[in-house]
1. With viscosity set to 0.890 mPa s and temperature to 25 °C, compute the Stokes-Einstein D of region 46-90, Rh being the Kirkwood radius across alpha carbon pairs; µm²/s, no decimals.
2. With a cap of 10 neighbouring Cβ atoms within 10 Å, and only residues DSSP puts in a loop, list the GluC sites (Glu not before Pro) found in region 56-143.
3. If you plug each phi of region 157-172 into the Karplus form 6.51 cos²θ - 1.76 cosθ + 1.60 with θ = phi - 60°, what whole-Hz ³J(HN,Hα) values come out, in order, with x for Gly and Pro?
4. Residues with amide H under 5 Å of Ser178's amide H, sequence separation 5 or more or different chain, H placed in the peptide plane at 1.01 Å from N; which?
5. Using only the alpha-carbon atoms, what does the chain span along each of its principal axes? Please give whole angstrom values in decreasing order.
6. Setting aside same-chain residues fewer than 8 positions from Lys35, which aspartates and glutamates have a Cα under 16 Å from its Cα?
7. If each DSSP helix of 4+ residues adds -39,500 (n - 2.57) and the sum is divided by the residues in the chain, what number results at 222 nm, nearest 500 deg cm²/dmol?
8. Set the Förster radius R0 to 41 Å, insert the Cβ-Cβ distance between Arg57 and Met167 as r into 1/(1 + (r/R0)^6), and round the FRET efficiency to 0.05.
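Coordinate-derived values only; no laboratory data. No experiment lies behind these values; they were computed from the predicted model shown. Cβ atoms come from the backbone with ideal geometry, glycine included; neighbour counts cover every protein chain shown.
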Amino acid sequence: MGVPKFFRWISERYPCLSELVREYQILIRMIQPQKLFFMAIDGVAPRAKMNQQRGRRFRSAKEAEVLEKQALAKGEALPKEERFDSNCITPGTVFMARLHEQLKYFVAHKITTDAMWQKCKVILSGHETPGEGEHKIMDYIRFMKSQPDYDPNTRHCLYGLDADLIMLGLCTHEPHFSLLREEVKFGKNQKRISTPEETTFFLLHLSLLREYLELEFDALKEKLKFPFDIEKIIDDWVSFF
């Protein structure tokens, strides 16, 4: 069985994978990477972060159980499908191991059949590699910057919903860094978007934010007893968060 046929088989066997890979394909069509496409999945986090994640997931499971009991008491009909256990997405679980294997076949399939995937280097960092996904990407950017042949005009585009991506992007001090994220709507009456095609995406250029920060602190130029350095000011500004 070749890679394309095998990938079709696992997509039909595991429908949740089809939703994930479709979103990957939409993202790569929007971004159109020319040199590198880095797919990073959260690995084992530091102990403090691990405790926070554990508490958050136990709390979510408890709240879901309470809501289910309240719905039954009111006579409401519960969904027929089994509730997804978010503990499955913890690094080291059987679910994550299967997901990683299927993503490897997906990447091999796209590199074999899709010209857009063939023109750039593709890296898949799975759950067995320690560190949160965004930090693994930042480590790779710092590694590339340390190389003698690194192009300082390289353009980076990072996708994710975490607010700390803004701070991480600024800390790279790269002149061409942008963040791609989807619109998040709050409120109980908001319609849930089920497909990536219906999602509204926003692109934040951190170069503009750098310029705004420089304007904000422009008044300091005449007051400082040492040279004004926007890179150091950005580091200080980020440290407040």
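1. My calculation gives 203 µm²/s for D.
2. Passing sites in region 56-143 are Glu76, Glu81, Glu82.
3. For region 157-172, the Karplus-derived couplings read 9, 10, 9, x, 9, 5, 5, 6, 5, 4, 5, 5, x, 5, 5, 6 Hz, x marking Gly and Pro.
4. His156, Cys157, Leu158, Leu206
5. That gives 69, 51, 36 Å along the principal axes, largest extent first.
6. Asp114, Asp149, Asp151
7. -16000 deg cm²/dmol
8. Efficiency computed from Cβ-Cβ geometry: 0.95.
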